[in-house]
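Undergrad: Supplied in structure tokens, the structure appears directly below.
The values are calculated or read from the model by the stated rules, or taken from the named source; none is laboratory data. On a predicted model such as this, the values are computed, not experimentally measured, just so you know. So basically every Cβ, Gly included, is an ideal-geometry build from the backbone, and we count neighbours across all protein chains shown. Side chains included, ligands, DNA and RNA excluded: accessible areas come from the protein's heavy atoms. Shrake-Rupley method; radii C 1.70, N 1.55, O 1.52, S 1.80 Å.
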Protein chains: 2
Amino acid sequence: MKFVKELISYEDAKKITFQELDEFIRDKYKEFNLNDCLNKICHEDIVSPVDLPSFNKSAMDGYSVIAEDVFGASDNNPIILEKIEFDEEENSKFESKNTVGDENFELINGFATKVSTGTKIPEGSNAVVMKEYVKEYDDYIEVYLGVHPFENVSKIGEDLKKGDIIIKKGEIITPYHIALLASVGIKKVNCTYLKIGILSTGDELISLENYGKEVNNKNDELKKINMDYISKTGSIINSNSVMLKSLLKNCGFDAKAYDHVEDNPKEIEKCILKILSENDILMTTGGTSVGDRDYTFEEISKLGEILYHGIKIRPGRPVGFSKIELGNQSKFIYILSGYPVAAAVQFELLFNQYFKPLKTLKIPLTRNFASSLGRTDIMRIKLTYDSNSKNTNSKLFAEPLRISGSGVISSLSSADGYVIIDENIEGYEKGDIVTAHLFKK
Amino acid sequence: MKFVKELISYEDAKKITFQELDEFIRDKYKEFNLNDCLNKICHEDIVSPVDLPSFNKSAMDGYSVIAEDVFGASDNNPIILEKIEFDEEENSKFESKNTVGDENFELINGFATKVSTGTKIPEGSNAVVMKEYVKEYDDYIEVYLGVHPFENVSKIGEDLKKGDIIIKKGEIITPYHIALLASVGIKKVNCTYLKIGILSTGDELISLENYGKEVNNKNDELKKINMDYISKTGSIINSNSVMLKSLLKNCGFDAKAYDHVEDNPKEIEKCILKILSENDILMTTGGTSVGDRDYTFEEISKLGEILYHGIKIRPGRPVGFSKIELGNQSKFIYILSGYPVAAAVQFELLFNQYFKPLKTLKIPLTRNFASSLGRTDIMRIKLTYDSNSKNTNSKLFAEPLRISGSGVISSLSSADGYVIIDENIEGYEKGDIVTAHLFKK
């Protein structure tokens, strides 16, 4: 069949797309305040400029000591140390009215200094005796338990050494990265930054805003847009724009969803040019085939290069990728299906997998699953456990979802993830190990 | 030891906290536009008000037919059908200048109607022949491949039947939920809504904003806040506030981080009352012990009930939970540690696990891990694969991270998740099956 022969493999589509993105995103970044970096993609390797902690820190409330002074201390053999104050009025921190540390203070043998959890222990000291094992008097303390060097102490550089990598280019910034970056005084981070526009096309589309309202049609008849109207006219509420906007948000990008446009070549061309002029990437849905009303692909092909159109994958076959030169800038268009499931799969495989690949697990299948040679199949799965698992034999399995149609969005919302079945594989047998990509739910 | 006896078990702390939250959050919700629901917690069971699709829809570009008319069609035996137009000017949709469906049209035997992917097939028809298997003429078509009933058709209710649950109360709203909700015309969702304030306390704290700046201390000396200053004075850049704000954001809540406050009882009390008056929940960090400068706990205990203070867990022991009656409203305070790792663990176990529990996996350990009886240990782990795994024996393992100190934030940023080691377990041996809670990275 001529139609199928024009399609390329998923592996080739991926290679083409990811190579273009490698080049394209090199200079696509923006500096963000640390507060605004959560879940964005870090665009640089960040190394720690300092040791963290930058001083030996008490991990307990108690007394900072020289460990050798209290070796062998016990309930029956308390050891006495003289108390000495660490903090000095004139060296106090200015963010606080209380005092913390005197930078010139040094502890010597026979002395102990009171410390709290998280505070610096004085120079000279090397351990902390927990207050539970200390009896306090006015000028001295009795220590009832010995400590070894650096017991109850967070040592300089224990968390990070100067030069240690905190986060690598391409990693997603988590709350823990943010805590680390703040701790070493990093206030701004270069994050991958792309302006992305979304455009759904199709005569059948109704905007969610208009649903439930009465709207004049072109014959000036007031019509109520309800489900009855929708089922009679074969209309569809546009869900692709809001889905893609959400998927992009979870991928670290704030995209703009433009008003959908009907199957009108002139209108489509106008919208595409407008959105391209305002964005780096455009994602369209609908009009991806070569049907009579599939103008999206047609219009895009007039504007620039089509890097591919159609890949041997199911669901998701009618997807295109295009590079447009506008002014002296390159822009890219992901030409996605109108079917939400196909669009979601195309997005996941050709965009999300580049920027924010899902965690994968190698696990066995619960049952046979047939696939076609020469086509990559996306099998949606649920995670299940062996029912007679109790102990060391407990095992996790991938259960293929039974999906009746390609339009079934609930196959995504109820799935835990998916398996990519290579085009050279005819299917799997029960027990075969597959690589499951897990949704971040 | 008296101090340890006052602590409660993790299981008890969890029970107390979650019971209070069950009651507390019952009426804590707010209606959000669908566009703003992503990653929030759904506060209601939502069932589909309609069938989706609400009409039989073509899954391909081609011709809608009565399947029985083309049984047995093949390359050598093409079957001829008369073409008939489906769309009518006067029934056109008003959001479009083109026409889609005539609500009174019904297909009868011997006829075929051109359809595109995603469009309604007319009443009477029950299948679609792909255009690749059709030769078109002016008034008729030749069909070269038979179809069975509902082939290439997305049937009414295939995705969702009226009354099917789209999302359950307590579930996190994903992009796929959003697509489904939009598709059935749901514009607004009640999401769990809590106003949460964050307050870090401690004389040692420096705000990230002040880092790198020159600031006057109280003796009116201009001091540059750099790492040298920090290490000499034992100061710490406040990372807890921004970490908790990010963790809460990932849990679906927009929290407000207030300026940190020094260890001054009057000041702490004032801040706590202000934040409680503006929020449902307050999370404090620091001052959780009963040390000389640990005023946070002390001040909170004067304001209301302490439901617990200290749990037998490591890391994370010095954590408190308090219920305060303010006006005629209940407010809760999570009294978290000043140590970021302890605070993160406390947040994860006592807040996040309630609202957004992590996915868990039962997998074997790569090595022995010792734990103490009578204390719940939080073992941070990385996922690894058996190196000589290739095929059906491929297995996933949990590798305990070697962590030198409790202050090591990088033990969280580099971990894939954690295992809760029950207080009745002395530790695990290599190969023992554990339940790993996986971070959503």
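Undergrad: Which condition number in (1) over 20 Å from the mean Cα position of the chain (by Cα); (2) over 30 Å from B:Asp51 (Cα atoms) is the one that A:Ile230 fails?
TA: (2)
Undergrad: Go through A:Gly316, A:Gly310 for me and flag whichever is more than 12 Å from every other protein chain (Cβ to nearest Cβ), within 30 Å of B:Asp51 (Cα to Cα) and open to solvent by less than 10 Å² (accessible area, probe 1.4 Å).
TA: Among A:Gly316, A:Gly310, only A:Gly316 is more than 12 Å from every other protein chain (Cβ to nearest Cβ), within 30 Å of B:Asp51 (Cα to Cα) and open to solvent by less than 10 Å² (accessible area, probe 1.4 Å).
Undergrad: Starting from region A:215-226, take each residue that is within 8 Å of chain B (Cβ to nearest Cβ) and list its partners that are in a strand (DSSP E or B) and not charged (D, E, K, R), counting only C-beta distances under 8 angstrom and pairs at least six apart or across chains.
TA: Hits for this filter: A:Val215/A:Leu222; A:Asn216/A:Leu222; A:Lys223/A:Val215; A:Lys223/A:Asn216.
Undergrad: Is one or more of the residues making up region B:129-141 closer than 30 Å to B:Val50 by Cβ and of a type in the set (Asp, Glu)?
TA: no
Undergrad: Which strands (runs of 3 or more DSSP E) sit wholly inside region A:109-221 and have at least 2 residues that are touching a Gly at 6+ places or on another chain (Cβ under 6 Å), outside the structural domain of A:Thr285 (by TED's automatic domain parsing) and crowded, with 21+ Cβ neighbours inside 10 Å?
TA: A:127-130
Undergrad: Given the residues A:Ser64, A:Ser54, which is the only one that is within 12 Å of chain B (Cβ to nearest Cβ), hydroxyl-bearing (Ser, Thr, Tyr), more than 21 Å from A:Leu349 (Cα to Cα) and part of a strand (DSSP E or B)?
TA: Criteria check complete, one pass: A:Ser64.
Undergrad: Pairs under 7 Å by beta carbon, first residue within 17 Å of B:Pro357 (Cα to Cα) in region B:414-431, partner assigned to a strand (DSSP E or B) and small (Gly, Ala, Ser), six or more apart or different chains?
TA: These pairs meet every condition: B:Gly417/B:Ala436; B:Val419/B:Ala398; B:Val419/B:Ala436.
Undergrad: Next question. What's the total number of residues in region A:244-261 that are surrounded by fewer than 23 Cβ atoms within 10 Å (Cβ to Cβ) and within 8 Å of chain B (Cβ to nearest Cβ)?
TA: Summing the residues that are surrounded by fewer than 23 Cβ atoms within 10 Å (Cβ to Cβ) and within 8 Å of chain B (Cβ to nearest Cβ) in region A:244-261 gives 3.
Undergrad: Regarding region B:337-350, can at least one residue be identified that is under 17 Å from B:Leu273 (Cβ atoms) and either in the same structural domain as B:Asp416 (by TED's automatic domain parsing) or open to solvent by less than 10 Å² (accessible area, probe 1.4 Å) (or both)?
TA: no
Undergrad: Suppose we filter A:Ser241, A:Ser231 for residues that are surrounded by fewer than 20 Cβ atoms within 10 Å (Cβ to Cβ), at the interface with chain B (Cβ under 10 Å from one of its Cβ atoms), among the polar types (S, T, N, Q) and touching a strand residue (DSSP E or B) at 6+ places or on another chain (Cβ under 9 Å); which single one remains? Spell out how you get there, then give the answer.
TA: Working: A:Ser241 fails: surrounded by fewer than 20 Cβ atoms within 10 Å (Cβ to Cβ).
Only one candidate qualifies: A:Ser231.
Undergrad: Oh, and also: With (1) free of Cβ contacts under 8 Å to residues at least 40 places away in the same chain; (2) more than 9 Å from chain A (Cβ to nearest Cβ); (3) farther than 23 Å from A:Val115 by Cα; (4) open to solvent by 10 Å² or more (accessible area, probe 1.4 Å) as the list, and B:Phe297 as the residue in question, which single condition is left unmet?
TA: (3)
Undergrad: Ok, one more. Look through region A:26-48, keep the residues that are open to solvent by less than 60 Å² (accessible area, probe 1.4 Å) and assigned to a loop (DSSP other than H, G, I, E, B), and return whichever of them is farthest from B:Leu208 (Cα to Cα).
TA: So, considering only residues that are open to solvent by less than 60 Å² (accessible area, probe 1.4 Å) and assigned to a loop (DSSP other than H, G, I, E, B), the one farthest from B:Leu208 (Cα to Cα) is A:Lys28.
Undergrad: Taking region B:161-191, which residues are in contact (Cβ under 8 Å) with a residue 40 or more places away in the chain, of a type in the set (A, V, I, L, M) and within 7 Å of chain A (Cβ to nearest Cβ)?
TA: Selection gives B:Ile172, B:Ile178, B:Leu180, B:Ala182.
Undergrad: Another question about this same structure. Filter region B:408-429 down to the residues that are part of a loop (DSSP other than H, G, I, E, B) and either of a type in the set (Phe, Trp, Tyr) or within 11 Å of another protein chain (Cβ to nearest Cβ) (or both) and list them by number.
TA: Within region B:408-429, B:Val408, B:Ile409, B:Ser414, B:Ala415, B:Asp416, B:Glu429 meet the criteria.
Undergrad: If you don't mind, another one. Is it fair to say A:Glu123 is free of Cβ contacts under 8 Å to residues at least 40 places away in the same chain and among the charged types (D, E, K, R)?
TA: On the way: free of Cβ contacts under 8 Å to residues at least 40 places away in the same chain: yes; among the charged types (D, E, K, R): yes.
In short, yes.
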